[in-house]
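The structure under discussion appears below in the form of structure tokens.
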Amino acid sequence: IYADPAKRLELYFRPKDPYCHPVCANRFPTSTMLLRVRRSTKKKQQQLDGEEQIQPEVQFEMEILGIVTTVYKFQGMSDFQYLAMHSGPDGKQTSMYDKVLMLKPEKEEFFNKDLPLYIPPPIFSRLDTPVDYFYRPDIQHRSGYNNPQVSGENLIGLSRARRPHNAIFVNFDDEEIPTKPLDAAVQNWKKVCTNPVDKKVEEELSKLFDVRPVWSRNAVKANISVHPDKLKVLLPYLAYYMLTGPWRSLWVRFGYDPRKHPEAKIYQVLDFRIRCGMKYGYAATDMPVKAKRSTYNYSLPITVKKQGSHTVSVHDLKQGLGSAGTSGAKKSPSSRYKLKESVYIFREGALPPYRQMFYQLCDLNVESLQKIIHRNDGTESECTERDGWCLAKTSDDLRDSMSLMIKQIIRSTRPALFSNTTSSEDGKEQLAYESGEDEDDEEEEEEEFKPSDGSENEMETEILDYV
């Protein structure tokens, strides 16, 4: 527990009882000392009024053993405790522990016994501190909001209206493309653009779209430093969003139609997912690239308070902050919200930061991949929804080549994984790819924003932000 700052220390009042629900302690930084105190008593004889009396003499010895930098405090209440008991007709309680707990290998008769129904609760209280619960009044939505249709299958409605950002969405089959933003999008940005820094960001993004008419949101974040909340308002002011086709999930400059320009094929999107599995020679656990989320790391939200920053302790001062103290310094405003280049550029010899990536073809900085993309330069005849201006199966060829490059990188870093692999030709046959053209399975999560060098694992579905 101590090794993971996010975990809580659990105390079980009945350690041998699997149904015992623990109380939890929260971790706090401190600057205290651990003392060893010895109390010694000596008996001393004294003459009082002609009589000898024994008076104890007490002495204390104190020794500092060390410095304590972390403490755990039990501040919450105990939860309900659920015992494996059965109430008989006469009200007498009978223990069921010897009947429901299997302490040793048992024969079939043990499992065929008739027992009273005993079902422990699936979950206990989510919070262990008392809170005042205030019933919410009826939600007052903005004018024009209509409650969503509900049916017998889905009775869960929205708790609030979506915040509109007034983006324009375009499907591949739509005939016309927008040439200017919605009036509401213009008004929204004018409200937000309140200082010279915002005006400078607007100019920088406008220059990006002049140089390159199609951008992913991650690529924008890697080139300019802008708070994500302001970027949500600025993008609909300068570009429209493609929902389907080879430029799906990308932002396109107003007035530019990539379906009419063959040179726009270099801006098409490639949904690339790192292949892992034993048939590729390595399991998911062997991958040096982390996944976006994992159910194994989930913990119930029962913390009393969020994890705070660890304050400087006497121990830190004694050891000296050194480089560790300066590494946590705040970034300059010009790069505070910037992401690393690796979130949108693929380079040979480097692993992608996450297992699923959305690359634009022009950001695949490998000569062999660019040759695949430009095989039909000058002979593009038709723009299709699946392949755009590229030859058919171009995306599959790119994924195969990129997967082989990644396999070679993993082979060089972890050669033991490939000690029994066969020839490269067999490897190519093994790399039969599950199509990456499936629908995006990411979901938009509303989280508190935390600036990061590269916190976004995937180009998340942005539609929900703007509807």
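Here is how the numbers come out for the structure above:
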read-out: Among residues of region 1-16, those that are more than 14 Å from residue 78 (Cα to Cα) and in contact (Cβ under 8 Å) with a residue 12 or more places away in the chain, counted; value: 5
read-out: Of all residues making up region 171-227, the number that are touching a residue at least 60 places away in the same chain (Cβ under 8 Å) and of a type in the set (Asp, Glu); value: 1
read-out: Residue match in region 40-59 (condition: open to solvent by 50 Å² or more (accessible area, probe 1.4 Å) and within 23 Å of residue 127 (Cβ to Cβ)); value: no
read-out: Set 336, 411, 399: member being modelled with pLDDT under 90, of a type in the set (D, E, K, R) and surrounded by 14 or more Cβ atoms within 10 Å (Cβ to Cβ); value: 411
read-out: Region 364-373, residues that are more than 14 Å from residue 264 (Cβ to Cβ) and in contact (Cβ under 8 Å) with a residue 24 or more places away in the chain; value: 364, 366, 368, 369, 372
read-out: Subset of region 204-221 [part of a loop (DSSP other than H, G, I, E, B) and polar (S, T, N, Q)]; value: 216
read-out: All positions within region 70-115 that are of a type in the set (Phe, Trp, Tyr) and surrounded by 10 or more Cβ atoms within 10 Å (Cβ to Cβ); value: 72, 74, 82, 97, 110
read-out: Region 203-220, subset open to solvent by 20 Å² or more (accessible area, probe 1.4 Å) and in contact with a helix residue (DSSP H, G or I) (Cβ under 9 Å, 6 or more places away or on another chain), residue farthest from residue 335 (Cα to Cα); value: 212
read-out: Selection from region 222-235 of residues that are assigned to a helix (DSSP H, G or I) and out of contact with any Asp or Glu (no Cβ under 6 Å at 6 or more places or on another chain); value: 223, 228, 229, 230, 231, 233, 234, 235
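The values are calculated or read from the model by the stated rules, or taken from the named source; none is laboratory data. Note that the structure is predicted; figures quoted are calculated from it, not measured. Here Cβ is always computed from backbone atoms with ideal geometry, including for glycine, and neighbour counts include all displayed protein chains. For accessibility, only protein heavy atoms count, side chains too; no ligands or nucleic acids. Shrake-Rupley method; radii C 1.70, N 1.55, O 1.52, S 1.80 Å.
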